[in-house]
Ligand SMILES: [Zn+2]
Ligand SMILES: [Zn+2]
């Protein structure tokens, strides 16, 4: 296939909806307008709508024209980012300081496109839930939906997600079995030294020197502690200390992020950060306090569902247009929480060349409207295949 012909027929509608959502971005848990738009469209298609899960979450439930026990869920995210948009095209953000710079506007509309087609045709057996979640960008809307009983209220055997990917040619797909996005934890380290005159360092415990040693030593987590076959990133991203050119400060504050795929490495990295910071500070006569904040767990694709999803992607995009072994990304994704509850697959759809400004989270990014019917066709085909009618 090809793009589904019927879906191609409403490409202009999909583009208009996508641009409307793009022009009205809403950030984590504030997706009221977007959720209302989604719910209204689903109702217009004749789909049963449930509102209010995780606040602004929307779930549409559709049964096929043949009875069946099987159920799957397809998930899209609706939130924008708290950042200004630099584009000046007509559908640019009308909300200052907010922007759909991750393409969740496109994700929402691709799923709406599939819902419209599937509601017209119902050419499947069983039930599909269309899950529109809030707050993917750091708010953990997917986690909140799961905690509020997403899979109890909407029993689901398998769950599927999709993200656009700049750098992958438009309309192609990619994915892999196993870890595809990383766990994203945060750490902060406060180093207590003893401040004093910069001309009398021998009377101080300099937290800048101690902190610098800590930053250096943290590099050994990746190079000396973690199994080299497995991946870990420990990045110190902030280092604050001092207030004058001639004063050795009393304390220093550092923070950063830990990215891992493996649960064991995730724990090991945390333990080593604490040991290194405390041990190094002690060696220099100071002390360190270390705090962690757990972020999203790793997004890990299940083998059977991923094979199935990529085979369906190949039917839509054509042989040779699906990369089945894309390198995992050290970015995070809260679809991870859904994959911890149910088997499923999270794949990428190409957004076109990653020319300057067209990367995710950049001020000149825009979702590529050309791929709307491609993504919607993938969703529709997935439902018709996974919930195939008896012959
Ligand atoms: Zn993002
Ligand atoms: Zn995103």
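The values are calculated or read from the model by the stated rules, or taken from the named source; none is laboratory data. All values derive from a computational prediction rather than experimental measurement. With ideal geometry, Cβ positions are generated from the backbone for all residues, glycine too; neighbour counts draw on all protein chains shown.
Just one residue in the set 130, 89, 151 is in contact with a strand residue (DSSP E or B) (Cβ under 7 Å, 6 or more places away or on another chain) and modelled with pLDDT of 95 or more; that residue is 130. Only one entry of 32, 100 meets the criterion of being farther than 25 Å from residue 381 by Cβ, away from ligand 1 (no atom under 16 Å from the Cβ) and touching a residue at least 12 places away in the same chain (Cβ under 8 Å), and that entry is 32.
A count restricted to segment 66-86 and to residues that are in contact (Cβ under 8 Å) with a residue 60 or more places away in the chain, out of contact with any strand residue (DSSP E or B) (no Cβ under 6 Å at 6 or more places or on another chain) and away from ligand 2 (no atom under 14 Å from the Cβ) stands at 2.
The residue of segment 195-226 that is nearest to residue 281 (Cα to Cα), among those that are loosely packed, with under 15 Cβ neighbours inside 10 Å and touching a helix residue (DSSP H, G or I) at 6+ places or on another chain (Cβ under 8 Å), is 220. The condition of being within 16 Å of ligand 1 (Cβ to nearest atom) and either crowded, with 24+ Cβ neighbours inside 10 Å or over 24 Å from residue 55 (Cα atoms) (or both) holds for only one of 86, 92, 76, 119, that being 76. Could you check, for segment 137-160, whether at least one of its residues is touching a helix residue (DSSP H, G or I) at 6+ places or on another chain (Cβ under 7 Å), in a strand (DSSP E or B), over 21 Å from residue 330 (Cα atoms) and more than 16 Å from ligand 1 (Cβ to nearest atom)? For segment 137-160, residues touching a helix residue (DSSP H, G or I) at 6+ places or on another chain (Cβ under 7 Å), in a strand (DSSP E or B), over 21 Å from residue 330 (Cα atoms) and more than 16 Å from ligand 1 (Cβ to nearest atom): present. Helices (runs of 4 or more DSSP H) fully within segment 1-47 that include at least 2 residues being in contact with a strand residue (DSSP E or B) (Cβ under 8 Å, 6 or more places away or on another chain): 32-44. When you look at residue 292, is it touching a helix residue (DSSP H, G or I) at 6+ places or on another chain (Cβ under 7 Å) and either more than 19 Å from residue 150 (Cβ to Cβ) or without any contact (Cβ under 8 Å) to a residue 24 or more places away in the chain (or both), yes or no? The answer is yes for residue 292. Checking the stated criteria, residue 60 turns out not to satisfy the condition of being on the phi > 0 side of the Ramachandran plot and either away from ligand 1 (no atom under 13 Å from the Cβ) or free of Cβ contacts under 8 Å to residues at least 60 places away in the same chain (or both). Here 324, 293, 270, 266 are screened, and the one residue that is more than 20 Å from the chain's Cα centre (by Cα) and away from ligand 1 (no atom under 16 Å from the Cβ) is 270. Condition first: surrounded by fewer than 17 Cβ atoms within 10 Å (Cβ to Cβ), touching a residue at least 40 places away in the same chain (Cβ under 8 Å) and farther than 17 Å from residue 371 by Cα. Now tell me which residues in segment 148-177 satisfy that. Within segment 148-177, 148, 149, 153, 155 meet the criteria.
For segment 95-115, the set of residues classified as surrounded by 24 or more Cβ atoms within 10 Å (Cβ to Cβ) and away from ligand 2 (no atom under 16 Å from the Cβ) consists of 112, 113, 114, 115, listed by residue number.
For segment 284-382, the strands (runs of 3 or more DSSP E) that sit wholly inside it and include 2 or more residues that are under 18 Å from residue 108 (Cβ atoms), within 16 Å of ligand 2 (Cβ to nearest atom) and at pLDDT 95 or above are 344-350. Regarding segment 103-113, can at least one residue be identified that is part of a loop (DSSP other than H, G, I, E, B), modelled with pLDDT of 95 or more and within 16 Å of ligand 1 (Cβ to nearest atom)? Within segment 103-113, one or more residues are part of a loop (DSSP other than H, G, I, E, B), modelled with pLDDT of 95 or more and within 16 Å of ligand 1 (Cβ to nearest atom). For segment 227-244, the condition holds for at least one residue, the condition being that it is surrounded by fewer than 17 Cβ atoms within 10 Å (Cβ to Cβ), in contact with a helix residue (DSSP H, G or I) (Cβ under 6 Å, 6 or more places away or on another chain) and modelled with pLDDT under 95.
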